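Engineer: Got a structure for you, questions after.
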Amino acid sequence: MRYYGFFMTRLLIKILLACCLSTSLCGCLRQEETDIVLLVTGDVRGNFLGYNFLEDKQYRYGLGSFATLVKEQRSLYGDRLLVMDAGERQVSSAPMLYTQLVDTLGEPPLYAMERYIGYDVLGLGLNDRQEAELIAPKRHDPDKSAPIVCANVVDKKTGRPVFKPYVLLEREGIRIAVMGISDLMYRRWLQDDAWAHTTDQDIAQCIRQWMPEIHRQQPDLIVGLFHQVEVTPEMAASFDAIFTSRERTHFQTTVSPWEGHYVPVVGIGRYASHVGLVKIHLTKRHGVKDGEQRYDKNFSTTLVDLDDFEQDEEFVSRWKPYNDSLIAWVNKPLGYLNEELRVNRGMFVGDNYRRLVHQVQMKTTGADISMATCLKPNTTFEKGRVSIHTIYEMYPHENQLMTFQMTLSEVKQYLEYGYDQQFRTIGKTQKTDDPLRYRYDKKGSY
C-alpha cells in the first residue's frame, strides 16, 4: 500500500509538472504571435445618448452605443484592447453649456462616462481649449481619469508641454507609445485665463523633439492621436498608426513617408457616428539585437458604424435622468419670433436675422457699433417659439460677446478682413463669376 501511495504521488507530481510545462509553453506561444486592437473615438461633441440637440432627434449612435462596442471587443481581446479618444469630447454642444451654466456643482457627467467605458488615453482637440476644467480641474479628479496627451501645447514661459506629450502602455509584454498632437491655434481667440499661459509649437518640430525620447523607451508600437491635422509624410514617418478627425466625415487612407513604409491614417466620424478600429497582428522576430524591432507587424483598419450597435442598457439607465433634464432645458421656451428669419439674405443685403443679433448685442453692451457674422447662411428660422435649441442653431458654438475700443481705421480694416474671408473679387479676365468663397449645403456644411 505504501509503494502504491508512493507511486501515485510521483505520478501526480509528473502530471502537475506536465501541466505547468504545457501552460508555460502556451504562454510562450502566445507571445510569439499576438494581436493589439486600438479603438478610437473623436469629435464626440457631447453626443452621449444619441440625442441631436440641433435637430431635436434621437439617434442610436453615441457614447452609449460605443460602450456596447467596447464590451464586445473586450470580451474578445481583454487587456489587449486600447480605448482612446482624439479630442473634442463635449465642446460645441448643449451638454457643455449645461455643465457650465446650470449643473455647476458636481462632476461633469462626461468624466464618469469615460471611466465607465474604460478609456486608456485621451487626446486634446483644438476647441477643447474652451474648457477650463481640462487644464484647471475643480470638479473632477484627473488622477481617476485617463491621461490627456498633447505634445505641442506648451507653457509660454517654460516651453514644456502642459499635458503629457505621450504615454507608454504595456499589454502582455507589448509596449505601446501614444503621442497626442492638436492643430495650431492660428488666432488666439480664447479668453479663459486658465489657458492664457499656453501657446503652440510647430507640429513637425514637436514630433522631431519627442521621438528620440520615445524611441529610448523601446516601444513596439507608436500611435498618434491627431486632431484637425493634415498628416504629412514627414509627420507620419515615426508612427505605426495615426487617428485623426481632420475632415467633417470619416475616412481611411495611408501615408507613405518612404517606399515600402505605409502608415494607416483613420479619420473618425463626427458626433460618434463612426469610430476607428485598427488591429495589429504582431509576430515575434528571433535573434534581434537591442534597439531593433522585436516584432513584424500587420495592420488592418476598419471604420465601425455605431448605428449598428444598440445603446448599452446600463449606460443608458445611469445617465438617463441627466439626459432627460438636459433635453428639457434645451427645449425650454425663451421667447417668441414674430417673423421668419432667413439667414442667407445677410450675405448680400440687410436682413432681420442680423438685425436681431445686433439689437441683442447693442442692448447688452451699450456699444456704438455691433458686428456679427453669418454662421449658417442657408438656415431659415420659422416664426414661433425660441428656445436654447434655437440659439444653438443660430450660433452652434460656445460663443463669447466682447467689446473693444477701436479707431475708425481699425473698424474699416476689420470689415475688409471679414469681406475678404467671405467674398472673392471678380475681375474681367476671371473664368468664375461666383463671388462666394464657400457654398453651403442645407445643413450649413461647405
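Engineer: Select, from Ser65, Ser75, the only residue that is assigned to a helix (DSSP H, G or I), crowded, with 24+ Cβ neighbours inside 10 Å and of a type in the set (Ser, Thr, Tyr).
Structural biologist: Ser65 is the lone residue from the list that is assigned to a helix (DSSP H, G or I), crowded, with 24+ Cβ neighbours inside 10 Å and of a type in the set (Ser, Thr, Tyr).
Engineer: When the residues of segment 200-238 are narrowed to those that are closer than 18 Å to Cys150 by Cβ, in contact (Cβ under 8 Å) with a residue 60 or more places away in the chain and open to solvent by less than 10 Å² (accessible area, probe 1.4 Å), which ends up farthest from the chain's Cα centre (by Cα)?
Structural biologist: For segment 200-238, the residue satisfying everything is Val223.
Engineer: With Leu122, Leu38, Leu134 as the choices, which residue is closer than 22 Å to Val229 by Cβ, in a strand (DSSP E or B) and over 13 Å from the mean Cα position of the chain (by Cα)?
Structural biologist: So the residue among Leu122, Leu38, Leu134 that is closer than 22 Å to Val229 by Cβ, in a strand (DSSP E or B) and over 13 Å from the mean Cα position of the chain (by Cα) is Leu38.
Per-residue answers, yes or no, for (1) open to solvent by 70 Å² or more (accessible area, probe 1.4 Å); (2) in contact with a Pro (Cβ under 9 Å, 6 or more places away or on another chain); (3) part of a loop (DSSP other than H, G, I, E, B); (4) within 18 Å of Leu81 (Cα to Cα):
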{"site": "Val255", "(1), (2), (3), (4)": "no, yes, no, no"}
{"site": "Val266", "(1), (2), (3), (4)": "no, no, no, yes"}
{"site": "Val275", "(1), (2), (3), (4)": "no, no, no, yes"}
{"site": "Val278", "(1), (2), (3), (4)": "no, yes, no, yes"}
{"site": "His286", "(1), (2), (3), (4)": "yes, no, yes, no"}
{"site": "Lys289", "(1), (2), (3), (4)": "yes, no, yes, no"}
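Engineer: Scan (1) touching a helix residue (DSSP H, G or I) at 6+ places or on another chain (Cβ under 6 Å); (2) within 27 Å of Arg270 (Cα to Cα); (3) open to solvent by 10 Å² or more (accessible area, probe 1.4 Å) for the single condition Ala151 breaks and write down its number.
Structural biologist: (3)
Engineer: Quick check, is Gly46 touching a Pro at 6+ places or on another chain (Cβ under 7 Å), in a loop (DSSP other than H, G, I, E, B), buried (at least 22 other Cβ atoms within 10 Å of the Cβ) and at pLDDT below 95?
Structural biologist: yes
The rows are residues; the columns are (1) over 29 Å from Arg89 (Cβ atoms); (2) touching a strand residue (DSSP E or B) at 6+ places or on another chain (Cβ under 9 Å); (3) open to solvent by less than 70 Å² (accessible area, probe 1.4 Å).
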| position | (1), (2), (3) |
| --- | --- |
| Leu337 | yes, yes, yes |
| Thr364 | yes, no, no |
| Thr379 | no, yes, yes |
| Ser387 | no, yes, yes |
| Tyr392 | no, no, yes |
| Leu401 | no, no, no |
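Engineer: Additional query: Out of everything in segment 69-93 that is among the charged types (D, E, K, R) and within 15 Å of the chain's Cα centre (by Cα), what residue ends up being modelled with the highest pLDDT?
Structural biologist: Asp85
Engineer: Kindly provide the set of residues from segment 239-253 that are open to solvent by 20 Å² or more (accessible area, probe 1.4 Å) and under 19 Å from the mean Cα position of the chain (by Cα), ordered by number.
Structural biologist: Arg246, Glu247, Arg248, Thr249, His250, Phe251, Gln252, Thr253
Engineer: Is segment 156-169 home to any residue that is open to solvent by 40 Å² or more (accessible area, probe 1.4 Å) and part of a strand (DSSP E or B)? Walk me through how you get there before you give the answer.
Structural biologist: Going through segment 156-169, the residues open to solvent by 40 Å² or more (accessible area, probe 1.4 Å) turn out to be 156-158, 160, 162, 164, 168.
Restricting the remaining residues to those that are part of a strand (DSSP E or B) gives 164, 168.
Yes, there is a match, as at least one residue in segment 156-169 is open to solvent by 40 Å² or more (accessible area, probe 1.4 Å) and part of a strand (DSSP E or B).
Engineer: If only one of Gln361, Gln311 is of a type in the set (S, T, N, Q), outside any loop (DSSP other than H, G, I, E, B) and touching a residue at least 24 places away in the same chain (Cβ under 8 Å), which one is it?
Structural biologist: Just one listed residue meets the conditions, Gln361.
Engineer: Can you find even one residue in segment 315-326 that is surrounded by 11 or more Cβ atoms within 10 Å (Cβ to Cβ), assigned to a loop (DSSP other than H, G, I, E, B) and either out of contact with any strand residue (DSSP E or B) (no Cβ under 7 Å at 6 or more places or on another chain) or modelled with pLDDT of 90 or more (or both)?
Structural biologist: Checked segment 315-326: no residue is surrounded by 11 or more Cβ atoms within 10 Å (Cβ to Cβ), assigned to a loop (DSSP other than H, G, I, E, B) and either out of contact with any strand residue (DSSP E or B) (no Cβ under 7 Å at 6 or more places or on another chain) or modelled with pLDDT of 90 or more (or both).
Engineer: Could you please let me know if Lys383 is at pLDDT below 95 and of a type in the set (Lys, Arg)?
Structural biologist: It is true that Lys383 is at pLDDT below 95 and of a type in the set (Lys, Arg).
Engineer: Name the one entry in Ser75, Ser93, Ser145 that is among the hydroxyl-bearing types (Ser, Thr, Tyr) and without any contact (Cβ under 8 Å) to a residue 24 or more places away in the chain.
Structural biologist: Working: Ser93 fails: without any contact (Cβ under 8 Å) to a residue 24 or more places away in the chain; Ser145 fails: without any contact (Cβ under 8 Å) to a residue 24 or more places away in the chain.
When all the criteria are applied, what remains is Ser75.
Engineer: Looking only at residues in segment 94-130 that are among the small types (Gly, Ala, Ser), farther than 26 Å from Ile242 by Cα and open to solvent by less than 30 Å² (accessible area, probe 1.4 Å), which one is modelled with the lowest pLDDT?
Structural biologist: In this case the residue turns out to be Ala94.
Engineer: Could you check Lys297 against (1) crowded, with 16+ Cβ neighbours inside 10 Å; (2) modelled with pLDDT of 95 or more and say which number it fails?
Structural biologist: (1)
The values are calculated or read from the model by the stated rules, or taken from the named source; none is laboratory data. Note that the coordinates shown come from a computational prediction; the quantities given were computed from them, not determined experimentally. Please note: Cβ atoms are built from the backbone with ideal geometry, for glycine as well, and neighbour counts cover all protein chains shown. Surface accessibility is based on the protein's heavy atoms, side chains included, excluding ligands, DNA and RNA. Shrake-Rupley method; radii C 1.70, N 1.55, O 1.52, S 1.80 Å.
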